[in-house]
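To start, the structure under review is shown below, and the notes come after it.
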Amino acid sequence: MPGAFLSPNYDARPAPVDTLILHYTGMQSAQAAIDRLCDPAAKVSSHYVVDEDGTVHSLVPENLRAWHAGISFWRGRRTLNDVSIGLEIVNPGHAWGYRPFPAAQIDAVTTLCHAILARHDIPARNIVAHSDVAPDRKQDPGELFPWQALAAAGIGLWPAVPDAGTGDSDWTAFAVRSALETIGYDVSDASEAGLATLLLAFQRHWRPEGITGRADFGTVGRLEALLRLIDEPKADEAGLV
Ligand SMILES: [Zn+2]
């Protein structure tokens, strides 16, 4: 039923959209995921589901709040469902046989994201993974998701520096936590384990070559490069246009 919205799991949106959150479904089939996202008893949903063959299912209208992010935090705000559009990308996920996302699926995700970005004012740094906004609970869409290719297509940020390997850097925990906070992560858990959890989330998005949970050379290189992208004033803000 093209054009129909399938899920009853939504309510009123309390604030304008300024964030885009990507997920994988993490279930054994696309249909199982759609059934769950449309089940009133499950109380979960997303705005879209993108199947592996590129089919896009519309579950909830963008002007309404879908229930995809749960307990979440990004750049000082909680409850990201209020302000975000959620895309569920079909993949069995780490629990059921995580596998590469097919090209047809990524093409469909790219087209859909372009359309969403044309409709809403969403800064590139607010295009994030579910694991970025809920790092202690979630791993999706995970390290196989082609964030670099999406950034090359104008969707999100990519810190374009070569991976510098897994040797230990000399960054202090304070410096690492500060960088992660500037990017948007919730750094309120100051424990060593809490920092490792955040580093895993950062790596799944921006350093997929090494999911180490440590502030190794490659990770701090990407952290620095991402901070530079965030710090660069836009041309109009700098009065250049
Ligand atoms: Zn998710």
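Brief remarks follow.
- The chain: angle of helix 103-119 to the longest principal axis, Cα-based, in degrees nearest 10: 90 degrees
- When trypsin sites (Lys or Arg not before Pro) are flagged only if DSSP places them in a loop and at most 14 other Cβ atoms lie within 10 Å, the longest unflagged stretch of the chain comes out as 138-233.
- Hydrodynamic radius by Kirkwood, which averages 1/r over all alpha carbon pairs of the stretch 10-152, in angstrom: 14.9 Å
- Contour minus Cα-Cα distance for Asp11 and Thr79 (0.36 nm per residue): 23.1 nm
- Surface composition of the chain: carbon plus sulfur atoms contribute 55% of the solvent-accessible area (1.4 Å probe, protein chains only, all chains present).
- Computed over neighbours whose Cβ is under 11 Å from that of Asp168, the net charge equals -1, Lys and Arg +1, Asp and Glu -1.
- Crossing angle, helix 217-231 versus the chain [Cα axis fit, 0-90 degrees, rounded to tens]: 70 degrees
- Near His47, once Lys and Arg are set to +1 and Asp and Glu to -1 for all other residues with Cβ below 10 Å from its Cβ, the sum equals -1.
- Of all DSSP beta bridges confined to the chain, the antiparallel ones make up roughly 45%.
- Calculated [θ] (222 nm, deg cm²/dmol) that DSSP helices of n ≥ 4 give over the chain, each run adding -39,500 (n - 2.57): -9500 deg cm²/dmol
- Listed peptides 101-107, 9-15, 79-85 appear in the order 79-85, 101-107, 9-15 once ranked by packing, highest mean of other Cβ atoms within 10 Å at the front.
- Rounded to two decimals, the Cα radius of gyration of the chain over 2.2 N^0.38 Å is 1.00.
The values are calculated or read from the model by the stated rules, or taken from the named source; none is laboratory data. The structure displayed is predicted, hence computed values, not measured ones. Every residue, glycine as well, gets a Cβ built from its backbone with ideal geometry; the counts of neighbours run over all protein chains shown. Just the protein is used for accessible areas: all its heavy atoms, side chains included, with ligands, DNA and RNA removed. Shrake-Rupley method; radii C 1.70, N 1.55, O 1.52, S 1.80 Å.
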